[in-house]
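> Handing you a structure now.
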Amino acid sequence: MSDKERANFGSKLGIILASAGSAVGLGNIWRFPCEVGENGGAAFILVYLVCVFFLGVPVMVSEFLIGRHSHANTATAYQILAPRTPWKTVGLMGVFAGFLILSYYTVVAGWTLEYMVSATAGRLSGAKDFTRHFNEFVANPWKPVLYMTVFMLLTHAVIVRGVKDGIEKFSKVMMPMLLLIIGILVVCSFSMPGSSEGLRFLLKPDFSKITAKVVLSAMGQAFFSLSLGMGCLCTYASYFGKEANLMKTAGSVALIDTIVAVMSGFIIFPAVYSVPGLSPDAGPGLVFVTLPNVFNIAFGNIPWLGYLFSVMFYVLLVLAALTSTISLHEVATAYIHESYGISRRKGAYIVTGGCIVLGALCSLSFGVLSDFKLGGMILFDCFDFLSAKFLMPLGGMLISLFTGWYLDRRLVWEEVTNDGKLRISFFRFYIFLLRYVAPLAIGVIFVNELLRS
Ligand code: TRP
């Protein structure tokens with residue numbers, strides 16, 4: 001397909017909002033606060049920031065330049081840049097990982113949709129055993145499957161509209177809404193009595209908490225949160241115009257992503273600490289079990305405010321998840337469409353159908369299929385492990401090696417500086433990070449993760 005026929009994002013703002021939409025997701029609002037809670041607060045955040053800006057941003061720029069230079073889906077991109085070499089496998093691995101991530105990610109996205117509906121209908125108010133409520137819901141044989149399917153169809157509806165009229169247009173509406181909601185919730189959370197305890201937890205680093213395990217978690221979290229290692233941003237960058245500044249875009253996306261993650265901490269922890277007896281290290285249940293309690297107890301005497309807070313919070317989760325599932329869906333859709341000459345519409349149906357089947361299996365692995373285990377894990381955990389702990393770090397490492405060592409330095413320079421039009425002062429530092437720091441750091445962490453599991 002020639003470049004002229006290929007769709008493009010229409011504006012710089014569209015590029016940033018779509019990419020930030022991919023990055024900002026459940027990883028920021030659900031997983032980040034969990035990790036912060038379990039790994040000791042501020043110290044974790046500091047390590048996380050180092051990982052984002054010294055490992056994440058260089059890998060992101062690499063994905064951007066691979067995508068934009070080749071103007072093709074991630075599998076074809078490697079074929080164009082490294083014809084007749086095994087590098088193509090990196091792209092294919094990305095498509096495969098995208099499929100797996102989309103399948104299990106949408107299960108959790110479906111839970112957020114159910115919570116949004118329940119919160120709106122007022123079913124989350126009143127004293128309740130939310131642990132039981134959550135456990136019963138996820139193990140239910142049809143309800144979570146239904147919500148997962150609805151979420152996948154919502155994603156599908158955006159994807160079939162195309163790159164400019166679907167992805168870009170929706171990102172331009174959803175991202176500002178998301179940022180606005182976050183702003184309102186932060187103010188609400190700060191104004192709760194007792195919230196200063198939560199702030200202290202987030203702002204006072206205790207360096208004794210930084211262990212090897214914390215560093216590993218921070219880096220895994222940074223990669224997941226920035227959507228790196230499997231060609232997601234590479235696919236988006238294939239729709240970037242030639243005037244886009246790749247370094248600046250990567251910096252902005254990383255900044256927005258980090259701000260949203262930290263703000264989510266600022267929403268959740270002051271709120272959780274304002275209720276005595278609730279624990280901040282509740283793990284994955286933080287958002288689905290602890291928070292509904294917070295909404296009820298903390299706002300006990302002003303129920304309508306608790307109601308509003310909870311509805312806005314779950315709308316926020318749904319919006320964030322949706323912009324991410326869209327980006328995951330696009331990786332596979334673009335691949336099928338361009339590599340097999342199938343229309344984009346049909347390609348999207350294949351991805352949606354396949355992921356609904358896999359997603360249903362993942363969802364059922366919390367209930368009726370809980371005895372079916374692969375490598376000792378239920379299917380949901382297995383998909384998470386295989387993609388987030390294995391394929392993504394491996395992909396991230398290979399991407400940095402590809403740009404740092406394999407690609408012609410001139411080509412990299414031309415992409416990063418837009419043929420010399422932009423002045424980039426950190427170019428050598430960037431190459432240094434890609435050649436040595438990123439592959440080594442990711443490699444060490446990767447091997448460690450594998451040995452631990
Ligand atoms: N970054 C998203 C989040 O934080 C999830 C996501 C979207 C993702 N695309 C990805 C994760 C690609 C890994 C790879 O929720």
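> Assuming Val214 fulfils every condition listed in (1) farther than 30 Å from Gly443 by Cα; (2) more than 16 Å from the ligand (Cβ to nearest atom); (3) not basic (Lys, Arg) apart from one, which condition is it?
Evaluating Val214 over (1) farther than 30 Å from Gly443 by Cα; (2) more than 16 Å from the ligand (Cβ to nearest atom); (3) not basic (Lys, Arg) leaves (1) as the failure.
> List the helices (runs of 4 or more DSSP H) inside the stretch 284-400, counting only whole elements, that have at least 3 residues being not hydrophobic (A, V, I, L, M, F, W, C).
291-298, 303-340, 344-364
> Next question. Quick one: which residue in Val351, Val357, Val368 is buried (at least 22 other Cβ atoms within 10 Å of the Cβ) and either among the hydrophobic types (A, V, I, L, M, F, W, C) or at pLDDT 95 or above (or both)?
Among Val351, Val357, Val368, only Val351 is buried (at least 22 other Cβ atoms within 10 Å of the Cβ) and either among the hydrophobic types (A, V, I, L, M, F, W, C) or at pLDDT 95 or above (or both).
> Applying the selection to the stretch 1-59, what residues are among the charged types (D, E, K, R), out of contact with any helix residue (DSSP H, G or I) (no Cβ under 6 Å at 6 or more places or on another chain) and more than 11 Å from the ligand (Cβ to nearest atom)?
Asp3, Lys4, Glu5, Arg6, Lys12, Glu38
> Can you confirm whether Lys421 is charged (D, E, K, R) and under 22 Å from the mean Cα position of the chain (by Cα)?
Spelling it out, it is not the case that Lys421 is charged (D, E, K, R) and under 22 Å from the mean Cα position of the chain (by Cα).
To keep it simple, each residue is scored yes or no on (1) of a type outside the set (A, V, I, L, M); (2) without any contact (Cβ under 8 Å) to a residue 24 or more places away in the chain; (3) surrounded by 14 or more Cβ atoms within 10 Å (Cβ to Cβ).
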| site | (1), (2), (3) |
| --- | --- |
| Phe372 | yes, yes, no |
| Met377 | no, yes, yes |
| Glu415 | yes, no, yes |
| Ile424 | no, no, yes |
| Pro439 | yes, no, yes |
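> Out of Leu411, Leu374, Leu433, Leu391, I need the residue that is at pLDDT below 95 and more than 26 Å from Asn140 (Cα to Cα). Which one? Lay out the reasoning, then the answer.
Values: Leu411 fails: at pLDDT below 95; Leu374 fails: more than 26 Å from Asn140 (Cα to Cα); Leu433 fails: at pLDDT below 95.
Among Leu411, Leu374, Leu433, Leu391, only Leu391 is at pLDDT below 95 and more than 26 Å from Asn140 (Cα to Cα).
> Here's a follow-up. Given the criteria over 17 Å from His133 (Cβ atoms), within 16 Å of the ligand (Cβ to nearest atom) and either buried (at least 21 other Cβ atoms within 10 Å of the Cβ) or charged (D, E, K, R) (or both), does Ile326 qualify?
Values: over 17 Å from His133 (Cβ atoms): yes; within 16 Å of the ligand (Cβ to nearest atom): yes; either buried (at least 21 other Cβ atoms within 10 Å of the Cβ) or charged (D, E, K, R) (or both): yes.
When the stated conditions are applied, Ile326 passes them.
> Out of (1) touching a Ser or Thr at 6+ places or on another chain (Cβ under 8 Å); (2) away from the ligand (no atom under 16 Å from the Cβ); (3) of a type in the set (Gly, Ala, Ser), the odd one out for Ser191 is which?
Condition (1) is where Ser191 drops out.
> Another question about this same structure. Any residue that is modelled with pLDDT of 85 or more and either in contact with an Asp or Glu (Cβ under 9 Å, 6 or more places away or on another chain) or charged (D, E, K, R) (or both) - is there at least one of those in the stretch 294-305?
No, every residue in the stretch 294-305 fails to be modelled with pLDDT of 85 or more and either in contact with an Asp or Glu (Cβ under 9 Å, 6 or more places away or on another chain) or charged (D, E, K, R) (or both).
> Collect the residues in the stretch 401-412 that are surrounded by 15 or more Cβ atoms within 10 Å (Cβ to Cβ) and either within 14 Å of the ligand (Cβ to nearest atom) or in a helix (DSSP H, G or I) (or both), keeping them in residue-number order.
Quick first cut of the stretch 401-412, residues surrounded by 15 or more Cβ atoms within 10 Å (Cβ to Cβ) only: 401-404, 407, 412.
Residues satisfying the conditions are Leu401, Phe402, Thr403, Gly404, Val412.
> Among the residues in the stretch 77-88, are any surrounded by fewer than 22 Cβ atoms within 10 Å (Cβ to Cβ) and in contact with an Asp or Glu (Cβ under 9 Å, 6 or more places away or on another chain)?
no
> Let me confirm something: among Arg428, Arg435, which residue is without any contact (Cβ under 8 Å) to a residue 12 or more places away in the chain, of a type in the set (Lys, Arg) and either in a helix (DSSP H, G or I) or touching a strand residue (DSSP E or B) at 6+ places or on another chain (Cβ under 8 Å) (or both)? Reasoning before the result, please.
On the way: Arg435 fails: without any contact (Cβ under 8 Å) to a residue 12 or more places away in the chain.
Every option except Arg428 fails the conditions.
> Please specify each residue of the stretch 248-283 satisfying the condition of being under 23 Å from Lys204 (Cα atoms), in a helix (DSSP H, G or I) and among the polar types (S, T, N, Q).
Hits for the stretch 248-283 are Thr258, Ser264.
> Taking the stated definitions as given, is Phe96 surrounded by fewer than 22 Cβ atoms within 10 Å (Cβ to Cβ) and within 16 Å of the ligand (Cβ to nearest atom)?
When the stated conditions are applied, Phe96 passes them.
The values are calculated or read from the model by the stated rules, or taken from the named source; none is laboratory data. Model, not experiment: these values are computed from the prediction. Glycine also receives a Cβ, built like all others from the backbone with ideal geometry; neighbour counts cover every protein chain displayed.
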